[in-house]
Amino acid sequence: MAIRLMLADDHRMLREGLRRSLTDEGLDVVAEASDGEEAVQVASTVLPDVILMDVTMPEVDGVEATRRIHQRHPEIRIVMLTMHADQSVIAEALRAGASGYLVKDCSIEEIAEAVRLAANENSSLSPELANAMLKEVRQLDSGSGEVDAEQLVTKREIEVLQLIADGCSTPEVAEQLYISQKTVKNHLASIYHKLDARDRTQAVLQAVRMGIVRLN
């Protein structure tokens, strides 16, 4: 079954171009929105699998729209597509619930792959995203809330986290650690619980903050 995709961008020509190109890539574009407020309303009606969301839009911006949609429908995955590679914007988009982040100079193939990864909850960390995480980590007060990582997560869970931080999907983690995909998913469920994270991106961000894993 094709991934049901929604486009949210205030530039009509860009939406039309994306619709044609991503349809050619095998994705099912089921809805469009021209601003953040409309995106929130349409998402609640259509319930797409993934939303490709612009950041800068009139009325309500993409980050705030992402926050509202994620609060109401956490099962909808949102990939940010924007001209902005500003690290603070990327970090804010993540906190709002975005699953991925792409800049508009990427290829259609890269966009389609990011959508597929998001739909399968295998979002990879782009270089821009990794840089945003690292910057946020450096700005944290190193003396606050220190935790003994080894007492919180197991050695195997750290190995899983590190591979996820390196951009590996569930099948790739399973292959590299010689375990089943179900075991990887069980480890991830345990990690989410221990780190109070809702998804892979949040888990990696929290793990980097705690010094459990590193971003290369």
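Structure notes:
- Yes/no for residue 78 being within 22 Å of residue 110 (Cβ to Cβ), modelled with pLDDT of 95 or more, buried (at least 24 other Cβ atoms within 10 Å of the Cβ) and in the same structural domain as residue 108 (by TED's automatic domain parsing): no
- Scanning the stretch 1-21 for residues that are hydrophobic (A, V, I, L, M, F, W, C) and in contact with an Asp or Glu (Cβ under 9 Å, 6 or more places away or on another chain) returns 1, 2, 3, 5, 6, 7, 8, 14, 18.
- 1 or more residues farther than 22 Å from residue 198 by Cα and of a type in the set (D, E, K, R): qualifying helices (runs of 4 or more DSSP H) within the stretch 1-107: 12-24, 36-46
- Meets criteria (surrounded by fewer than 24 Cβ atoms within 10 Å (Cβ to Cβ), over 25 Å from residue 197 (Cβ atoms) and within 16 Å of the chain's Cα centre (by Cα)) for residue 111: yes
- Those residues of the stretch 14-42 which are among the small types (Gly, Ala, Ser) and farther than 23 Å from residue 91 by Cα, in sequence order: 17, 21, 26, 31, 33, 34
- The set of residues in the stretch 158-180 being at pLDDT 90 or above and in contact with a Ser or Thr (Cβ under 8 Å, 6 or more places away or on another chain) consists of 174 alone.
- Residue check, residue 81 of a type outside the set (Ser, Thr, Tyr) and under 15 Å from the mean Cα position of the chain (by Cα): yes
- All positions within the stretch 4-17 that are within 15 Å of residue 116 (Cα to Cα) and surrounded by 20 or more Cβ atoms within 10 Å (Cβ to Cβ): 5, 6, 7
- Close contacts from the stretch 204-216, counting a first residue that is within 11 Å of residue 158 (Cβ to Cβ) and a second that is part of a loop (DSSP other than H, G, I, E, B) and β-branched (Val, Ile, Thr), with Cβ to Cβ under 6 Å and a gap of 6+ residues or different chains, come to 207/213; 210/147.
- When residue 90 is tested against the conditions (1) within 21 Å of residue 37 (Cα to Cα); (2) modelled with pLDDT under 90; (3) surrounded by fewer than 24 Cβ atoms within 10 Å (Cβ to Cβ), the lone failure is (3).
The values are calculated or read from the model by the stated rules, or taken from the named source; none is laboratory data. All values derive from a computational prediction rather than experimental measurement. Quick reminder, even Gly has a Cβ in these numbers, built from the backbone with ideal geometry, and neighbours come from all protein chains shown.
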